[in-house]
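One structure below.
The values are calculated or read from the model by the stated rules, or taken from the named source; none is laboratory data. Every value quoted in this text rests on a predicted model; they were computed, and no experiment measured them. Every residue, glycine as well, gets a Cβ built from its backbone with ideal geometry; the counts of neighbours run over all protein chains shown. In case anyone asks, the SASA skips ligands and DNA or RNA and just uses the protein heavy atoms, side chains included. Shrake-Rupley method; radii C 1.70, N 1.55, O 1.52, S 1.80 Å.
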Amino acid sequence: MRDAVALDRLEVWKQKGQDLSKCPVRHVLDHVAAKWTTLILMELSKGPARFNAIGRALPDISKRMLTQSLRDLERDGLIAREVFPTKPPSVEYRLTEMGLSLLGPLGALIDWAELHASPIAEARRAYAAG
């Protein structure tokens, strides 16, 4: 039934003449589906955190990638960056209201991924076996 809803929405977009190559939903989903976005948002869901604390929580992310991911999330309004006037300056990141509003749908996606991780891995093995 949900597939029909998704197809109906796609048809509505097409009927409205929406250029799917410039679809704003697509651009949002591209960013939300980025490799590190979900993990960073999950970490910040616990509360504000400094750059190094986020990096320690995600030990396999490079400093460069963490910096870029945080900038992208800030640019999109999902997180806020606050600089404290200390020596050296310290920076803290927190979820914005919009970022907090993403946690529910993101949680549902995470639940789905956890539920289907084994069957997907099995399907990949079967596909690779030919």
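Taken over region 83-124, the criterion of being closer than 21 Å to Asn52 by Cα, out of contact with any Ser or Thr (no Cβ under 9 Å at 6 or more places or on another chain) and open to solvent by 60 Å² or more (accessible area, probe 1.4 Å) is satisfied by Pro85, Thr86, Lys87, Pro88, Pro89, Arg94. Kindly check whether there is at least one residue in region 118-127 that is assigned to a strand (DSSP E or B) and among the polar types (S, T, N, Q). Checked against the condition, which is being assigned to a strand (DSSP E or B) and among the polar types (S, T, N, Q), region 118-127 yields no hits at all.
Results for (1) farther than 24 Å from Ala113 by Cα; (2) of a type in the set (Ser, Thr, Tyr); (3) touching a residue at least 24 places away in the same chain (Cβ under 8 Å); (4) outside any helix (DSSP H, G or I), shown as yes or no for each residue.
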site: Lys35; (1), (2), (3), (4): no, no, no, yes
site: Thr38; (1), (2), (3), (4): no, yes, yes, no
site: Lys46; (1), (2), (3), (4): no, no, no, yes
site: Ala53; (1), (2), (3), (4): yes, no, no, no
site: Arg64; (1), (2), (3), (4): yes, no, no, no
site: Gly77; (1), (2), (3), (4): yes, no, no, yes
site: Thr86; (1), (2), (3), (4): yes, yes, no, yes
site: Ser101; (1), (2), (3), (4): no, yes, no, no
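The condition of being of a type outside the set (S, T, N, Q) and either open to solvent by less than 50 Å² (accessible area, probe 1.4 Å) or in contact with a helix residue (DSSP H, G or I) (Cβ under 7 Å, 6 or more places away or on another chain) (or both) holds for Leu41. The single residue among Ala57, Ala53, Ala34 that is modelled with pLDDT under 95 and open to solvent by 20 Å² or more (accessible area, probe 1.4 Å) turns out to be Ala34. Tell me, which residue of region 69-82 that is of a type in the set (Asp, Glu) and surrounded by fewer than 16 Cβ atoms within 10 Å (Cβ to Cβ) is farthest from Ala33 (Cα to Cα)? Ranking the candidates gives Glu82 first. Test Lys63 against the criterion of being open to solvent by 60 Å² or more (accessible area, probe 1.4 Å) and either of a type in the set (A, V, I, L, M, F, W, C) or farther than 21 Å from Gly107 by Cα (or both), and give yes or no. Yes: the conditions hold for Lys63.
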